[in-house]
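This report refers to the structure that appears directly beneath it.
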Amino acid sequence: MYRVGIIGAGRPWRSTGATGFGMAHMHAEGYRASSDACLVAVADLSLDNARAFQQRHSVGAVYQDYRAMLSQERLDIVSICTWPHLHAEMVIACAESGVRAVHCEKPMAPTFGEAKRMIVACEASGTQLTFNHQRRFGEPFRAARHLVRAGAIGMLRRMEATCNDLFDWGTHWFDMLFFFNDETPVEWVIGQIDTRDSRTIFGVTVEGQGVSQFRFHNGVTGMVLTGASAPDPLIIRLYGERGMIEIGGSDQAPLRLWNERALGWQTIDVSEGLHDAACHTRAILDLIDALSAGREPELSARRALRATEVIFASYESSRRRGRVDLPLTIDDSPLAAMMALDGSATERT
């Protein structure tokens, strides 16, 4: 039986006083669904939040200091459900304390250097590290990948996605484009951002408008449009030689196919939308199975880092005003550095 602890209880989504999506509660449901895990402790700076979490999920112990929890509870698995600027120190502390697996919320970190340091620390300690890009387990996304692999649109040539920003939401869409293209690495990235209408999400400033174009090593190209660049808020389109797949066009038709076998769009029957909560439970169950079997989990840090690399390479391309060839060698956040240099959120050309 794996002993599980959670760092960052928060409050359930849309409940009184909630400042986020209450991801810890989603994680807890996943652990409760496993016969191999026991949720034994929770840590949160707010003891009120921690005690409410304890009562709601039948957790054994409550801590205000997560390091005390790590030293006293002999945990096998830890979920980290805090804001991104805290991820690196918490992941590294878990690895150094002997935790066998860490499941961390996304995005990875506010800088590329922090993202890399988490992976280095966990590799050194033998700790399995995952990041919650849970949509890999969603039915519309898996069905779309099956259509691509079955040749429904011929050979995949181009992928496009739209969302609010490259960092917070974009981490999901970059990850999904790797998912659809069989985890093929990216060769180069060219991007541009505008900081007008920039905003802060969970402590990290994101661009008001952006574009990222990139090429995978197999020749497939990708593009992510954000903010005012994105005519549709949350859509992925996959273009092949003989058709197109659309994910997220509407709640009524989250997955559609257009190809030469029928006139017009075909709605593909799926039972879930883009945001099904069951994906969080599937992610937890997969990481537990991976830990037991000694295999790479679906949401491995290696895969998360590839998506994160493209995000920061897009920002770096805007800073350099030119294409960035991967691997990316920077450690900072180019967006944060540019905004600090400007002294304010101003337009960049």
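The values are calculated or read from the model by the stated rules, or taken from the named source; none is laboratory data. None of these values were measured; they are calculated from a predicted model. When we count neighbours, we look across all protein chains shown, and the Cβ atoms used for this are built from the backbone with ideal geometry, even at glycine. Heads up: the accessible areas ignore ligands, DNA and RNA and are worked out on the full protein's heavy atoms, side chains in. Shrake-Rupley method; radii C 1.70, N 1.55, O 1.52, S 1.80 Å.
The radius of gyration of the Cα set in region 192-239, together with its Dmax, comes out at 12.8, 36 angstrom. Please find the FRET efficiency linking Asp36 to Asn218, where r is the Cβ-Cβ separation and R0 is fixed at 35 Å, and quote it to the nearest 0.05. About 0.40, to the nearest 0.05.
Helix 112-125 and the longest principal axis of the C-alpha atoms of the chain enclose an angle of approximately 50°. When you work out D = kT/(6 pi eta Rh) for region 81-227 at 37 °C and 0.692 mPa s, using the Kirkwood radius from C-alpha pairs as Rh and the Stokes-Einstein form, the result is 196 µm²/s.
You can think of it this way: the chain between Ala277 and Arg158 has 39.9 nm of extra reach, that is 0.36 nm per residue less the Cα-Cα gap. Extension gain, Thr200-Ser292: 0.36 nm per intervening residue step, less the Cα-Cα distance, totals 29.3 nm.
Assuming charge only on the beta carbon of Lys and Arg (+1) and of Asp and Glu (-1), the dipole of the chain about its Cα centre is about 320 debye to the nearest 20.
Taking 0.36 nm per residue of separation and subtracting the current Cα-Cα distance, fully stretching the chain between Ala61 and Trp83 would add 5.7 nm. Surface composition of the chain: carbon and sulfur make up 49 percent of the accessible area, probe 1.4 Å. Put a plus charge on the Cβ of each Lys and Arg, a minus charge on the Cβ of each Asp and Glu, and nothing anywhere else: the dipole of region 64-191 about its Cα centre is then about 420 debye.
Quick one: helix 301-320 against the long Cα principal axis of the chain, what's the angle to the nearest 10°, folded into 0 to 90? So the inclination is approximately 60 degrees. Structural size metrics of the chain, computed from C-alpha coordinates, are Rg and Dmax of 20.3, 63 Å. Paramagnetic label reach from Ala253 (point 7 Å along Cα→Cβ; backbone nitrogen cut-off under 20 Å): within region 151-180, residues 152-154, 160-162.
Taking N as the residue count of region 199-316, its C-alpha radius of gyration divided by 2.2 N^0.38 Å amounts to 1.30. Based on DSSP H segments of at least four residues, each scored -39500 (n - 2.57), the chain has a per-residue ellipticity at 222 nm of -10500 deg cm²/dmol. The calculated FRET efficiency for Glu260 paired with Asp232, based on their beta-carbon distance and R0 = 41 Å, is about 0.95. 3J(HN,Hα) along region 43-52, derived from phi through the Karplus expression 6.51 cos²θ - 1.76 cosθ + 1.60 where θ = phi - 60°, amounts to 10, 7, 4, 8, 5, 4, 5, 5, 6, 5 Hz, with x in place of Gly and Pro.
Residues whose amide H falls under 5 Å from that of Ala37, counting only those 5 or more places apart or on a different chain, are Tyr2, with hydrogens built in the peptide plane. Positive-end ranking of Tyr239, Ala115, Ser34 along the dipole of the chain, with charges on Cβ about the Cα centre, is headed by Tyr239. Accessible surface calculations at 1.4 Å, restricted to protein heavy atoms, place the chain at 42 Å² per residue.
Taken one residue at a time, the phi angles of region 58-66 give Karplus couplings (6.51, -1.76, 1.60, θ = phi - 60°) of 6, 8, x, 10, 10, 9, 8, 10, 5 Hz. Gly and Pro are set to x. Rounded to the nearest Hz, the phi-derived 3J(HN,Hα) couplings of region 263-268 under the Karplus curve 6.51 cos²θ - 1.76 cosθ + 1.60 (θ = phi - 60°) are 7, x, 6, 10, 7, 8, where x marks glycine and proline.
A simple spin-label model places pseudo-atoms 7 Å from Cα toward Cβ; at Glu187 and Arg321 they are separated by 2.7 nm.
Relative to the dominant Cα principal axis of the chain, helix 278-293 is inclined by about 70°.
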